[in-house]
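Report on one structure; see the data block that follows.
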Amino acid sequence: MDSPTVLITGCGTGIGHATARAFEEAGWEVYATDPDPEALTDLEEAGCTTAKLDVTSAEDAEAVVEAMLDEHGRIDCLYNNTGYGQLGPVEEVPTDELREQLDVNFLGQHRLVRAVLPHMREQGEGTIVNMASIYGRTVFPGQGAYASSKWAVEALTDTLRVEVDDYGIDVVTIEPGPVETEFGERALETKEDLETTDAYDWFYRMYDEKRYDRRFIDRGIGYVQPERVAEVVVEAAESEDPQRRYVVGPWKALVYLGYVVPDSVRDRVYGLLKRFL
Ligand SMILES: NC(=O)c1ccc[n+]([C@@H]2O[C@H](COP(=O)([O-])OP(=O)(O)OC[C@H]3O[C@@H](n4cnc5c(N)ncnc54)[C@H](OP(=O)(O)O)[C@@H]3O)[C@@H](O)[C@H]2O)c1
């Protein structure tokens, strides 16, 4: 039988890059994509097919899907990996930056889902793996824009799972805690986009790299390497009966705690963090 095929977004660095390698090593035909194809040279050398794909472009998505169909006749897995973190107190995030956050992290996944689904339905099988985060099920001060995009991913993914179940398609969410990638560095850069007021000193203390070394972004307690997340994505794609969601890393406990701790207690803990950090 031919190798199964997977389409992955955002493979230039981090989790997407590690996952393209992991699928390749597991014997899949990998379509590794990124807005910057030059960032994919090593993946091409490793045997992946590479292509330009910016998730804000439906045309890019359709072109890669067409290429996969022409060359292999099927799409077995879509891994919607792409995402970045817009930092900032909610008031200071310009609406245009929030729109861009949702466009890349949330609408981008929807564009890809719409491009692959007609073919997966026709095949009568396939797996869609959508990257969320523990911030798809909890919140943290200074990360409201990012968490909003990931809560939206969770809602869309849970709905989609039920809607396409009749066509033999599995739909899965991945929810890592902190992962050591370029994510934190890029998130810190988004502070430059904020419309600053003098109302949120705690934010500038908590997200001061010199003070806390990205501890509240991707270097927190129990952070994991991108290869660990990659293993879980491949496991989900290869499973006959995948879990609905995979929480990756030791922050699992925090997610479950979120279900039992009342919102009032969570808010009080965050209030104390803001005052004492
Ligand atoms: N790191 C963490 O702590 C963590 C935790 C939980 C979940 N996640 C999620 O994991 C996913 C991957 O993040 P990462 O940690 O691997 O970050 P990363 O190292 O910054 O990688 C992000 C990738 O997305 C690509 N990208 C950016 N804008 C894009 C666009 N418009 N279209 C297509 N690709 C685009 C980037 O490409 P360029 O390099 O060419 O810009 C890069 O290859 C994200 O969805 C993130 O929210 C990360």
Taking the Cβ-Cβ separation of GLU25 and LYS210 as r and a Förster radius of 35 Å, what is the calculated FRET efficiency to the nearest 0.05?
0.35
I need the Debye-formula profile for segment 2-99: one equal scatterer per C-alpha, no solvent, reported as log10 I(q)/I(0) at q = 0.13, 0.14, 0.24 1/Å, two decimals.
-0.47, -0.53, -1.22
Under 5 Å between amide hydrogens, which residues at least 5 positions from THR5 or on another chain qualify, with H placed 1.01 Å from N in the peptide plane?
GLU29, ASP76, CYS77
To the nearest 10 Å², what's ASP103's accessible area with a 1.4 Å probe?
40
Accessible surface of the chain, 1.4 Å probe, proportion on carbon and sulfur as whole %
48
Which whole-number value in Å² is the accessible area per residue of the chain, probe 1.4 Å?
48
Segment 135-190 shape via C-alpha gyration tensor axes, a/c threshold 1.5
prolate
How do SER264, SER239 stack up against each other in accessible area, from largest to smallest, with a 1.4 angstrom probe?
SER264, SER239
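Show ILE221, ILE174 ordered by accessible area, largest first, where the area counts protein heavy atoms only and the probe is 1.4 Å. Provide the component values of the computation, followed by the final result.
Numbers: ILE221 150, ILE174 0 Å².
Order by accessible area, largest first: ILE221, ILE174.
Any idea what % of Cα-Cα pairs in segment 41-143 are farther than 20 Å? It would help to have the intermediate numbers written out before the result.
Working: 2544 of 5253 pairs.
Tail of P(r) above 20 Å: 48 percent of Cα pairs.
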At 7 Å along Cα-to-Cβ for each site, give me the label-to-label distance between SER239 and ALA253 in nm.
2.3
Mind pulling the per residue volume of the convex hull built on the Cα atoms of the chain? Å³ is fine.
128
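Between GLU182 and THR41, what FRET efficiency comes out of the Förster formula 1/(1 + (r/R0)^6) with R0 = 22 Å and r the beta carbon distance, rounded to 0.05? Write out the running numbers ahead of the final one.
On the way: r = 17 Å, r/R0 = 0.77.
Once the sixth-power term is evaluated, E becomes 0.85.
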Just read off the accessible area of LEU112 with the full protein assembly in place, 1.4 Å probe, to the nearest 10 Å².
0
Find the centroid of the Cα atoms in segment 127-179 and in segment 45-108, then give the distance between the two in whole Å.
15
In nm, to one decimal, how far is the modelled label at ASP201 from the one at PHE276, with both set 7 Å along Cα→Cβ?
1.8
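The values are calculated or read from the model by the stated rules, or taken from the named source; none is laboratory data. In this text, all values refer to a predicted model and were calculated from it rather than measured experimentally. Counting neighbours? That spans all protein chains shown, and the Cβs are built from the backbone with ideal geometry, glycine included. These accessible areas exclude ligands, DNA and RNA; they are computed on the full protein's heavy atoms, side chains included. Shrake-Rupley method; radii C 1.70, N 1.55, O 1.52, S 1.80 Å.
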